[in-house]
1. Considering only residues of segment 7-58 that are in contact with a strand residue (DSSP E or B) (Cβ under 7 Å, 6 or more places away or on another chain) and charged (D, E, K, R), which is farthest from Leu115 (Cα to Cα)?
2. Test Asp104 against the criterion of being charged (D, E, K, R) and in contact with a Phe, Trp or Tyr (Cβ under 9 Å, 6 or more places away or on another chain), and give yes or no.
3. For the structure I just gave you, tell me whether Ile12 is free of Cβ contacts under 8 Å to residues at least 60 places away in the same chain, closer than 27 Å to Arg175 by Cα and either of a type in the set (Lys, Arg) or part of a strand (DSSP E or B) (or both).
4. What pairs come up if the first residue lies in segment 185-199 and is under 17 Å from Ala118 (Cβ atoms) and outside any helix (DSSP H, G or I), the second is open to solvent by less than 10 Å² (accessible area, probe 1.4 Å) and of a type in the set (A, V, I, L, M, F, W, C), and their beta carbons are under 7 Å apart, counting only those six or more places apart or on different chains?
5. Please pick out the residue among Gly179, Gly160 that is within 26 Å of Leu78 (Cβ to Cβ), without any contact (Cβ under 8 Å) to a residue 12 or more places away in the chain, of a type outside the set (Ser, Thr, Tyr) and part of a loop (DSSP other than H, G, I, E, B).
6. Output the number of the condition that Leu172 fails; it satisfies all remaining conditions of (1) free of Cβ contacts under 8 Å to residues at least 12 places away in the same chain; (2) assigned to a helix (DSSP H, G or I).
7. Looking at segment 92-116, which of its residues are touching a residue at least 12 places away in the same chain (Cβ under 8 Å) and assigned to a helix (DSSP H, G or I)?
8. Condition first: of a type in the set (Asp, Glu), open to solvent by 10 Å² or more (accessible area, probe 1.4 Å) and part of a loop (DSSP other than H, G, I, E, B). Can you find one or more residues in segment 72-82 that meet it?
Amino acid sequence: MSAPRETVLIRIVDDDEEVRNALSFMLACKGWSTECHASAAEFLKNYRSTPPGCLLLDIRMPGMSGLELQARMKEMNLTLPIIFITGHADVPTAVRTLKMGAFDFLEKPVDAEALEAAIEAASAISLAQASGGLSREAIEAIIREMSPREREITKLLAEGLANHDIAEHLSLSDRTIQGHRNNIYHKLRVHNLRQFSDVISGFEELLR
């Protein structure tokens, strides 16, 4: 399921005006509506929960950093899915953002197809949350229809394993696991580990 592009808003927070303009132009050409902010403080000042969508967020910015904004949003219970886009990527930072509930973590210069796929999935989740969650019957049906690999990764995620640990356990790349995780979250209409744990609770027998 993909989100109808006219029903969602992509928020962009980056202190680099050229980056903001380039992302906004690229997404507008693909039919997305965007809203740009030069700082985390500006984003929070103008934040509104509607329409649903997602947040494209830089890591390093003057004043409040992307990581600090993520933490602040968590404190404020703002559930807008966050896709980090940064030119200062490293594994510990990526792991930290994902553990804090980020939807995805992409490096600059960002791959257009990867970005659009992440936006599609994150916005679909946000739209689904805005219109209500899944019933237990729907969750059970989704789990039963998962591929064996998806079910295996879902089980390991439910056990609390991080992406890197799952990748080592299954002899797959971190990126492959991240892709599966995004698909699983998309299907279950969640965008962070806490929501995933809440949704999957009680379905452990189906994952054996």
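1. Across segment 7-58, the extreme among qualifying residues is Glu35.
2. On the way: charged (D, E, K, R): yes; in contact with a Phe, Trp or Tyr (Cβ under 9 Å, 6 or more places away or on another chain): yes.
The answer is yes for Asp104.
3. Working: free of Cβ contacts under 8 Å to residues at least 60 places away in the same chain: yes; closer than 27 Å to Arg175 by Cα: yes; either of a type in the set (Lys, Arg) or part of a strand (DSSP E or B) (or both): yes.
In short, yes.
4. Arg189/Ile125; Arg189/Ala128; Val190/Ile125; Val190/Phe196; His191/Phe103; His191/Ala122; His191/Ile125
5. On the way: Gly179 fails: part of a loop (DSSP other than H, G, I, E, B).
So the residue among Gly179, Gly160 that is within 26 Å of Leu78 (Cβ to Cβ), without any contact (Cβ under 8 Å) to a residue 12 or more places away in the chain, of a type outside the set (Ser, Thr, Tyr) and part of a loop (DSSP other than H, G, I, E, B) is Gly160.
6. Leu172 satisfies all of (1) free of Cβ contacts under 8 Å to residues at least 12 places away in the same chain; (2) assigned to a helix (DSSP H, G or I) except (2).
7. Scanning segment 92-116 gives Thr93, Val95, Arg96, Thr97, Leu98, Lys99, Ala112, Leu115, Glu116.
8. Going residue by residue through segment 72-82, those that are of a type in the set (Asp, Glu) are 75.
Now drop any that are not open to solvent by 10 Å² or more (accessible area, probe 1.4 Å), which leaves 75.
Next, only the ones that are part of a loop (DSSP other than H, G, I, E, B) stay: none.
Within segment 72-82 (the criterion being of a type in the set (Asp, Glu), open to solvent by 10 Å² or more (accessible area, probe 1.4 Å) and part of a loop (DSSP other than H, G, I, E, B)), the answer is no, since none of the residues qualifies.
The values are calculated or read from the model by the stated rules, or taken from the named source; none is laboratory data. Nothing here was measured: the structure is a model prediction, and the numbers come from that model. Here the Cβ is made from the backbone with ideal geometry for all residues, glycine too, and neighbour counts use every protein chain on show. Note: areas computed on protein heavy atoms with side chains; ligands, DNA, RNA excluded. Shrake-Rupley method; radii C 1.70, N 1.55, O 1.52, S 1.80 Å.
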